[in-house]
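Bear in mind that the values in this text are calculations on the coordinates, not laboratory data. This is a predicted model, so every value here is computed, not measured. Ideal geometry is used to build each Cβ from the backbone, glycine not excepted, and the neighbour counts take in all protein chains shown.
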């Protein structure tokens, strides 16, 4: 039976263990979305994990739900990320960039005064969308989302092209691959749900049409990277950002089958409700596993014992940790030695300097 500490073939890569670092928004890029030396230190500290998935990284100026999140559309951003990938590789790690477009979960104040883009301009629930900004006094606070506009066909085509460019930039920055963020109520997730996607053209209506945007994004990225270096993250039952899919089992069975046919490197699912005492893990596995034959990565409220059991049973091939990865830079070593895991601090999750970011200690 496999364990968390066995190697794993992931597309073209061989990972030394089956512990991944989940994407974690930390909002420590500069005002232009450029990561720096502090980011490089943070990720390199965690290079012992089998795979690092970066924080959500904006593909364009029209995508930003968290101020000071990094980007991948300018040369300065590419050069900033090169510092990160070089540091991770020098420490023996492997790192994928998570490509992010917030869609309607944003505000004009973060988008150079432009309205957020969305499939259909659904704006009945702005208070339920997660948008965050940095005040002049240094405090990081929630912002009220502003009304989005329905994307034209040209804007859809342009956005797909932005994903392709971001993937090419990720390759040039030295990343080992990319993850499409199709979870948590962001743009690809919005296209999948008939509540947030009420289009009547080729991108809306039928399930096949609602899958089209994600398929085109994947295929565009595959022009720049082999499919074995492209993963996808989904959150079928997540309440966050209020996508309100009335039939997630049907939607995500089709998503999984599509990604299987496209030979995606992995399918990474987030059991978002698991953090709030209402896990959907069994339901998610029942939908995804029969339809996706590749590497399945689990995430969301999973402790070390549960992670080990999931891998041993073959339910998933890898488990991604978020909060434990924040608080325990040497997470894999701690798990192997049976050392107690530190809890994440309640401060410093978003924006700031080294405090609550790179000052978590390794076990002695």
* **Reduced Cα scattering model of the stretch 1-112, Debye log10 I(q)/I(0), q = 0.12, 0.15, 0.17 Å⁻¹** => -0.44, -0.65, -0.79
* Structure fact -> Per residue convex hull volume, Cα only, the stretch 1-50, in Å³ is 99
* Antiparallel as a % of all DSSP beta bridges within the chain, to the nearest 5? -> 15
* To do: Two decimals is fine: what's Rg over Rh for the stretch 262-364, C-alpha atoms, Kirkwood radius as Rh?
  => 1.01
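What is the calculated FRET efficiency for residue 312 to residue 283, with r their C-beta to C-beta distance and R₀ = 22 Å, to the nearest 0.05? All intermediate terms of the calculation are to be shown ahead of the outcome.
On the way: r = 21 Å, r/R0 = 0.95.
That pair, residue 312 with residue 283, gives E of 0.60.
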* At q = 0.25, 0.33 Å⁻¹, what is the log10 ratio I(q)/I(0) for the stretch 23-66, with the Debye formula run over Cα points and no solvent? -> -0.99, -1.35
* Asked: Dimensions of the stretch 88-157 along principal axes (Cα, Å, largest first)?
  -> 47, 38, 22
* May I ask you to compute the full-extension gain from residue 127 to residue 346, defined as 0.36 nm times their residue separation minus their alpha-carbon distance, rounded to one decimal in nm? => 76.5 nm
* Asked: How large is the helix-only mean residue ellipticity at 222 nm for the chain, computed as the sum of -39500 (n - 2.57) over DSSP H runs with n ≥ 4, divided by its residue count, in deg cm²/dmol to the nearest 500?
  -> -9000 deg cm²/dmol
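Output the peptides 165-175, 240-250 sorted from most to least packed, where packing is the average of other Cβ atoms within 10 Å over each peptide's residues.
Details: 165-175: 22.0, 240-250: 17.9.
Answer by packing, highest mean first, reads 165-175, 240-250.
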* Structure fact -> Taking only the Cα positions of the stretch 94-233, the convex hull volume per residue in Å³ is 123
* Evaluated over the stretch 8-337, the Cα radius of gyration and Dmax, each in Å -> 18.3, 56
* Please list the equivalent ellipsoid semi-axes of the stretch 145-201, computed as the square roots of five times the alpha-carbon gyration tensor eigenvalues, in descending order and whole angstrom. => 25, 14, 10
